[in-house]
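Only one structure is covered here, and it is reproduced in the block below.
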Amino acid sequence: MVEESIKSGKLKARLPRGLADRGPAEIAATRNLVERIRSVFERYGFEALETPAIEYSDALGKFLPDQDRPNEGVFSFKDDDEQWLSLRYDLTAPLARHVAENYRNLVLPYRSYRCGYVFRNEKPGPGRFRQFMQFDADTVGSASMAADAEMCMLAADTMEALGIPRGSYIVRVNNRKVLDGLLETVGLTGPEKEAQRLAVLRAMDKYDRLGLAGVRQLLGDGRKDESGDFTRGAGLPEADIRTITSIFEPVRDVDDRIAQIDLRLRESKVGQEGREEIATVSRLVRAAGYDSDRILIDPSVVRGLEYYTGPVYEVELTFEINDDKGRPVRFGSVGGGGRYDGLVARFTGQPVPATGFSIGVSRLAAALAHLGKIETGDARGPVVVTVFDRGRLADYQRMVQSLRGAGIRAELYLGNPKNIGNQLKYADRRKSPCVVIQGDDERARGEVTIKDLALGAELAGGAQERADYLKLQDEAQIAVKEAELVQAVRAVLERHGRR
């Protein structure tokens, strides 16, 4: 590609795979979404924090430098003093670094939220990007299960603040200690069994997509997918597979689920710790009015294979969409989190309890668009002040500034003003709600003409005869005194539900 550019003498405009340009409509929709999330997070007492997009590679945890570059998964490079730097792959590792670096100056428990883009050096695909936005909230310095219960309630309240009704989402809660206890009961302990433990957890994590039969295959010898590709299994015997898959039993009652955990993990100390923590979270959220139709104890939740140390939670949207082949599937996860008591300790050398919740903003925006809860159409443009006479640019600029001074988006037409029709076409293509016109006649009367383009388009669409069309167009065009310009334009904007 570079050689082609050299030969042609010009660069080829192209975008790297897995990245996307964003237009004004998408930006506006994202801004609105982020502000609604922010309002909920701040209501819970979390305060804003911003960390850089670049960190030292060793601060990102498991992605450490080798001889050539840090392991795959992150974008990395060396700076001028030969230090490895990486683009952040999430917002939690930078938070851990910030807390460790400023630990003595922070008020603990430290409650913060962050919003920003993260980067993954992974193979892109449909709906899978190398750059995407996350919105996180974390509490650092509290070992109380009340902090975890609060994250679950925060997740539920955020979904409803975004217009996702009850019954269309569920916050599912488990505990990594329960999963560790389950693995312990089938003998998967010790460093020599680490690869097999991870294979089991990965298989369990695919339950929603593959169902019980698919998980059983991955826990056993392996599974061949529709394309013929074979995934090697964890190699468990049938008795151990039955033990592992018993957590997928469809039991809705919270107390029954906790009782089942107690029965299966009675001989596991870590499993019993997890059961007690789950029971505490369940008791706290129910006392706050969050029943199992919003926050559900679910021992099958697997999240963060090497990351979390206690409660884990996942926000799932339960309504159906069609996949690439037109088949109905559940929308699935739009966020999650959990307790990660060991992350800050990597820097401090001493345990620092922490728990957090993260929303995938881009994926959530897609869900809201599906529900019709977010604006996905073209962005609305500014009011355009046309230029009827080149010699009066100062007058027209003064009108623009009077609109801007009143908080109204406005611009002066900066193209060739020779043809007023071209100016109106420009305003129409810019999705302008209206244009301001002042020719010689209007100026002599001390007036301006305001042409409501949005209303004109609506009225013209319903007109059958030319006479009706002309009459309706007249209704979309009014003349007002120049001193009433701001008031008249504001009335047009309010007519179309715009501020």
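Tabulated data for the structure shown
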item	result
Residues whose placed amide H lies under 5 Å from that of GLY116, excluding near-sequence neighbours	GLN134
Span from the the range 122-182 Cα centroid across to the the range 86-114 one, whole angstrom	18
Area projected by the alpha carbon convex hull of the range 214-299, averaged over all directions, nm²	7.2
Above-threshold pairs, the threshold being 21 Å between Cα atoms, out of LYS418/LYS451; LYS425/LYS451; LYS123/LYS206; LYS193/LYS224	LYS193/LYS224
Mean-position separation - Cα centroids, the range 413-435 and the range 253-281, in angstrom	68
Karplus-derived 3J(HN,Hα), 6.51/-1.76/1.60, for each residue of the range 278-295, Hz, glycine and proline x	4, 4, 5, 4, 4, 5, 5, 6, 5, 5, 8, x, 9, 7, 6, 7, 10, 10
Theoretical FRET efficiency, 1/(1+(r/R0)^6), r = Cβ-Cβ of GLU42 and ILE420, R0 41 Å, to 0.05	0.25
³J(HN,Hα) computed for each position of the range 106-118 - Karplus, 6.51 cos²θ - 1.76 cosθ + 1.60, integer Hz, glycine/proline x	8, 8, 9, x, 8, 10, 9, 10, 9, 9, x, 7, 10
Heavy atoms of PHE77 accessible to a 1.4 Å probe, total area in Å² rounded to 10	80
Fraction of beta bridges assigned by DSSP in the chain that are antiparallel (%, nearest 5)	85
Rule-of-thumb Rg ratio for the range 144-274 [Cα; 2.2 N^0.38 Å; N residues]	1.20
Solvent-accessible area, 1.4 Å probe, carbon plus sulfur percent, for the chain	48
The chain - percent relative contact order, Cα under 8 Å, separation 6 or more	14
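The values are calculated or read from the model by the stated rules, or taken from the named source; none is laboratory data. Here the structure is a predicted model, which is why all the values come from computation and not from measurement. Backbone-built Cβ (ideal geometry, glycine too); neighbour counts: all protein chains shown. Please note that ligands, DNA and RNA were not included when accessible areas were found on the heavy atoms of the full protein model with its side chains. Shrake-Rupley method; radii C 1.70, N 1.55, O 1.52, S 1.80 Å.
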